[in-house]
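The values are calculated or read from the model by the stated rules, or taken from the named source; none is laboratory data. Everything quoted here is computed from the prediction, not taken from an experiment. We place every Cβ from the backbone using ideal geometry, glycine too, and count neighbours over all the protein chains shown. With ligands, DNA and RNA removed, areas are computed over all heavy atoms of the protein, side chains included. Shrake-Rupley method; radii C 1.70, N 1.55, O 1.52, S 1.80 Å.
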Amino acid sequence: MPNFDYEAPTSLSSALELLGQPGENRPLAGGTDVIDQLKSNRRNADLVVDLKRIPELLNIESNGSGLHIGSAVSCTEVHNFTAGNGGFAALAEASELVGSVHIQNRASVGGNVCNAAPSADTIPSLLIHEAVAHTASASGEREIPLIDFFAGPGQTVLEKGEILKELVLPTPSANTASAYLRFIPRNEMDIAVAGVGSLIEVDPSTNVVTKARIALASVAPTPVRAYAAEEFLEGTKIDADAIEKTADLAVGSAVPITDVRGSAEYRKELIRVLTKRTLTICLERLA
Amino acid sequence: MSKKQIKTTVNGVEHEILVDSTWTLLETLRDQLKLTGTKEGCSNGNCGACTVMVDGKSSCSCLVLAPEANGREITTVEGLADHGHLTPVQDAFVDNSGLQCGFCTPGFMIATTALLNDNPHPTENEIRLKLAGNLCRCTGYDKIVRSVQDAAERLTKS
Ligand SMILES: Cc1cc2nc3c(=O)[nH]c(=O)nc-3n(C[C@H](O)[C@H](O)[C@H](O)COP(=O)(O)OP(=O)(O)OC[C@H]3O[C@@H](n4cnc5c(N)ncnc54)[C@H](O)[C@@H]3O)c2cc1C
Ligand code: FES
Ligand code: FES
């Protein structure tokens, strides 16, 4: 473990001041990624800044501008808040998949995003729900569409001293459904070989898709959107054939590698199958 | 090495202690407070041997920094029994042979207690899913699941 100092500021401004100081200063939310990375010397730190005493980062609420998720809100709280209210089903599903209950009780959705693993389970559901990352640093605030937030495996566009403040997801229309599925070789506690989040908005009188969002995990250096599949599906009447064609197109957006978890070819096939399944679940949810 | 003065309540007892910023809560519990019931298995969040409650929520103490415990209430396996009287969860594990070597047991005690606080009547699937963060190399899990089911019944009756 590197030899670091620890601070737990109680206001955003003091956190930003600490993080802006010279040195390697690391935000800490749930710590389920970063503590292990520090222990195994995969990350260094001079100062760890705990964000869990800053009230505005611990807030989750729904209001006129959508769902606001403070960056330090735990997966358990995000799941409890989104499960059952329907609008953000994919996020409710994904936040319940991150590790075990003990992990979810501490791990934040914001930390899942900032850790920027291509396999991160909550990111596809945030992408299909068009999340915007609101960031803050001593020099000001930014709003970054989440799709532009990732720069590579483990890399974000955050600058030194800049943190994710909250994720804001617009409230979906009543004719919208979403779902997230990942494939792992066991039932729980594993890293996604591949994951797919799908969201569709369907005109109930014609069954024509008015909006489609499909995002993929573990098949590229960053989480990606399946734009070609989305474009095909929008304006199309949804049925089994359309779902089949959309799933084939989604595979084209996957540029996976072969590693211990699966071959590139296997991952592409998973994207096809999971796209089909998530879209089918969306249809069932709309029925 | 930077030290932090923290105040934390462990099993109902308040401690004011000096901890190293880089220590985990697990190290502080075991090496500083001598509460060795909590075990270290993997040290990376996968095995659950180190499970404790932090403000009532089950957590892997190997993935919590000691200074994070400041102002929090921690419950370890030593805090479950009341003056030697085992809790219904502990009794159920004893009576159903929910353990063999016992290394995983403190983690299962905390995880099961937290699970039944949240959901007093879990199905077998829910039990297996919600306890997936606790690994056992000995029992094959069946007797653990039966212990949890029995504990749920005992708690309903009591
Ligand atoms: C046993 C185990 C199982 C796991 N299973 C899964 C799984 O199934 N799926 C999955 O996706 N992940 C999994 N993870 C990984 C991890 O739990 C998640 O990525 C989690 O959401 C990280 O959140 P955290 O709050 O713990 O982040 P932390 O570890 O606190 O932080 C993660 C990174 O983000 C930075 N950071 C945190 N908050 C901010 C902020 N507000 N602004 C800027 N930077 C910030 C930190 O400096 C660090 O680099 C697992 C981890 C463990 C230990
Ligand atoms: S020692 Fe903490 S989970 Fe294994
Ligand atoms: S009883 Fe030996 S590890 Fe569970």
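If you check A:V219, A:V209, which single one turns out to be in a loop (DSSP other than H, G, I, E, B), aliphatic (A, V, I, L, M) and touching a strand residue (DSSP E or B) at 6+ places or on another chain (Cβ under 8 Å)? Spell out how you get there, then give the answer.
Numbers: A:V209 fails: in a loop (DSSP other than H, G, I, E, B).
Result of the check over A:V219, A:V209: A:V219.
Residues that are assigned to a helix (DSSP H, G or I) and more than 14 Å from every other protein chain (Cβ to nearest Cβ) were ranked within the range B:60-88; the one that is nearest to ligand 3 (Cβ to nearest atom) is B:V77.
Determine if the range B:87-94 includes at least one residue that is open to solvent by 10 Å² or more (accessible area, probe 1.4 Å), more than 30 Å from A:L28 (Cα to Cα), aliphatic (A, V, I, L, M) and out of contact with any helix residue (DSSP H, G or I) (no Cβ under 7 Å at 6 or more places or on another chain). Yes, the conditions are met somewhere in the range B:87-94. Of the residues B:L26, B:L35, the single one that is under 15 Å from the mean Cα position of the chain (by Cα), of a type in the set (A, V, I, L, M) and part of a helix (DSSP H, G or I) is B:L26. Note on the range B:114-140: residues that are closer than 23 Å to B:S61 by Cα and away from every other protein chain (no Cβ under 12 Å) amount to 4. Residues of the range A:83-111 being under 20 Å from A:S62 (Cβ atoms), touching a residue at least 40 places away in the same chain (Cβ under 8 Å) and within 14 Å of another protein chain (Cβ to nearest Cβ), which ones? Within the range A:83-111, A:E93, A:S108 qualify.
Kindly establish whether B:R72 is more than 16 Å from ligand 2 (Cβ to nearest atom), of a type in the set (K, R), over 12 Å from the mean Cα position of the chain (by Cα) and under 20 Å from B:L29 (Cβ atoms). The answer is yes for B:R72.
Restricting the range B:46-59 to residues that are assigned to a loop (DSSP other than H, G, I, E, B) and in contact (Cβ under 8 Å) with a residue 40 or more places away in the chain leaves a set whose member that is farthest from ligand 3 (Cβ to nearest atom) is B:G56. Checking each residue in the range A:185-199 for being within 11 Å of ligand 1 (Cβ to nearest atom) and closer than 13 Å to A:S125 by Cα picks out only A:G195. Flag not set for A:S173, criterion: open to solvent by less than 40 Å² (accessible area, probe 1.4 Å) and either within 14 Å of chain B (Cβ to nearest Cβ) or among the hydroxyl-bearing types (S, T, Y) (or both). Just one residue in the set B:G133, B:G45 is at pLDDT 95 or above, within 16 Å of ligand 1 (Cβ to nearest atom), of a type outside the set (A, V, I, L, M, F, W, C) and not assigned by TED's automatic domain parsing to the domain that holds B:V10; that residue is B:G133. If you check A:A136, A:A194 for being of a type in the set (A, V, I, L, M, F, W, C), touching a residue at least 40 places away in the same chain (Cβ under 8 Å), more than 25 Å from A:S263 (Cα to Cα) and not assigned by TED's automatic domain parsing to the domain that holds A:Q21, only one passes: A:A136. Residues in the range B:31-55 that are over 14 Å from B:G107 (Cα atoms), more than 9 Å from chain A (Cβ to nearest Cβ) and open to solvent by 50 Å² or more (accessible area, probe 1.4 Å): B:D31, B:Q32, B:K34, B:D55.
Taken across the range A:120-132, residues that are of a type in the set (S, T, Y) and in a loop (DSSP other than H, G, I, E, B) do not occur at all.
Taking the numbered list (1) within 14 Å of chain A (Cβ to nearest Cβ); (2) more than 16 Å from ligand 1 (Cβ to nearest atom) in turn, B:D91 passes all entries but (1). Select, from B:T105, B:T113, B:T87, the only residue that is at pLDDT 95 or above, over 13 Å from B:D150 (Cβ atoms) and away from ligand 2 (no atom under 16 Å from the Cβ). Of B:T105, B:T113, B:T87, the one residue that is at pLDDT 95 or above, over 13 Å from B:D150 (Cβ atoms) and away from ligand 2 (no atom under 16 Å from the Cβ) is B:T113.
Check the range A:71-78 and report whether any residue there is of a type in the set (D, E, K, R), farther than 24 Å from A:P153 by Cβ and within 16 Å of the chain's Cα centre (by Cα). Yes, the range A:71-78 has at least one match.
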